[in-house]
1. Suppose the filter is at pLDDT below 90, within 18 Å of GLN191 (Cα to Cα), assigned to a loop (DSSP other than H, G, I, E, B) and under 17 Å from the mean Cα position of the chain (by Cα); does ASP26 pass it?
2. For the range 166-174, check the following and say yes or no: at least one residue is surrounded by fewer than 16 Cβ atoms within 10 Å (Cβ to Cβ), hydrophobic (A, V, I, L, M, F, W, C), outside any loop (DSSP other than H, G, I, E, B) and under 17 Å from the mean Cα position of the chain (by Cα).
3. Among the numbered criteria (1) out of contact with any Phe, Trp or Tyr (no Cβ under 6 Å at 6 or more places or on another chain); (2) part of a loop (DSSP other than H, G, I, E, B); (3) surrounded by fewer than 21 Cβ atoms within 10 Å (Cβ to Cβ); (4) modelled with pLDDT under 90, which one does LEU6 miss?
4. When you go through ALA61, ALA91, ALA57 one by one, which is the residue that is at pLDDT 95 or above and within 14 Å of SER161 (Cβ to Cβ)?
5. Being assigned to a strand (DSSP E or B), of a type in the set (A, V, I, L, M) and buried (at least 21 other Cβ atoms within 10 Å of the Cβ) is the filter here, so list the residues in the range 58-99 that pass it.
Amino acid sequence: MLPVALAVSLLTVGCAGGVSAPGTSDVGTQHDNTTAAADAGIDRISEASLMPVGPLAIPAADFWAQGEDTDTVAVVTAGGCEAGVNCPAFAVVTGPGAQAADQAILDDGIGCPGGEGLTPVSATLAAAEPATVAGGTGTVQVFDVECADADGAGTITVQQSQWSADSVNGAVTVVDRWSFAELGDRVAGAQWLDEASE
């Protein structure tokens with residue numbers, strides 16, 4: 001059973017256009033530009049406003065909000081989340097941390113779905129395939145990520161998707177362990193910020 005605060009948070013995000021159930025994977029449907037992707041709203045995505053997130057300008061969903069950024073991690077959250085709670089979010093990671101091939105990125109500062117205080121502690125690669133990232137060639141990997149609280153209790157497993165590509169400034173990886181709906185299509189339709197400003 002989900003804690004009330006998390007259940008309300010996920011319900012709010014789902015109503016806004018939202019987040020798939022935590023732990024579901026869309027590899028093979030969400031991540032490629034097939035008829036299924038078109039049915040999932042690719043036309044609507046192409047009309048969305050671009051949100052700068054790290055080195056990318058991503059077609060934003062209505063419920064997205066800018067999160068806190070560091071030099072190497074840019075965060076997007078589900079708007080309306082309370083401060084200090086595990087909020088649905090995804091990250092765009094750059095620098096050395098984005099270059100770990102076949103490794104899950106767990107140090108993005110984003111917690112796990114399933115309860116307060118849960119953070120990712122380990123991961124196993126479950127699937128990998130080519131994907132479109134910002135209109136170019138990239139990969140998507142799905143990891144089974146174990147999440148736990150500080151005491152090691154309350155352990156759950158969720159799926160984490162990672163879209164990776166090389167830019168002129170190095171590797172870039174989009175990390176999502178909250179199963180944001182249509183994120184693969186939005187990453188495919190993104191632009192590099194230096195190209196978007198031309």
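1. On the way: at pLDDT below 90: yes; within 18 Å of GLN191 (Cα to Cα): no; assigned to a loop (DSSP other than H, G, I, E, B): yes; under 17 Å from the mean Cα position of the chain (by Cα): yes.
When the stated conditions are applied, ASP26 does not pass them.
2. Initially, the range 166-174 is screened for residues surrounded by fewer than 16 Cβ atoms within 10 Å (Cβ to Cβ), giving 166, 168-170.
Now narrow it down to the ones that are hydrophobic (A, V, I, L, M, F, W, C): 168.
Filter once more, so that each one left must be outside any loop (DSSP other than H, G, I, E, B): none.
No, the range 166-174 contains no residue that is surrounded by fewer than 16 Cβ atoms within 10 Å (Cβ to Cβ), hydrophobic (A, V, I, L, M, F, W, C), outside any loop (DSSP other than H, G, I, E, B) and under 17 Å from the mean Cα position of the chain (by Cα).
3. All conditions pass for LEU6, except number (2).
4. Checking each option against the conditions leaves just ALA91.
5. Listed by number, the residues that qualify are ILE58, VAL73, ALA74, VAL75, VAL76, ALA78, ALA89, ALA91, VAL92, VAL93.
The values are calculated or read from the model by the stated rules, or taken from the named source; none is laboratory data. These numbers were taken from a predicted model, which means no experiment stands behind them. With ideal geometry, Cβ positions are generated from the backbone for all residues, glycine too; neighbour counts draw on all protein chains shown.
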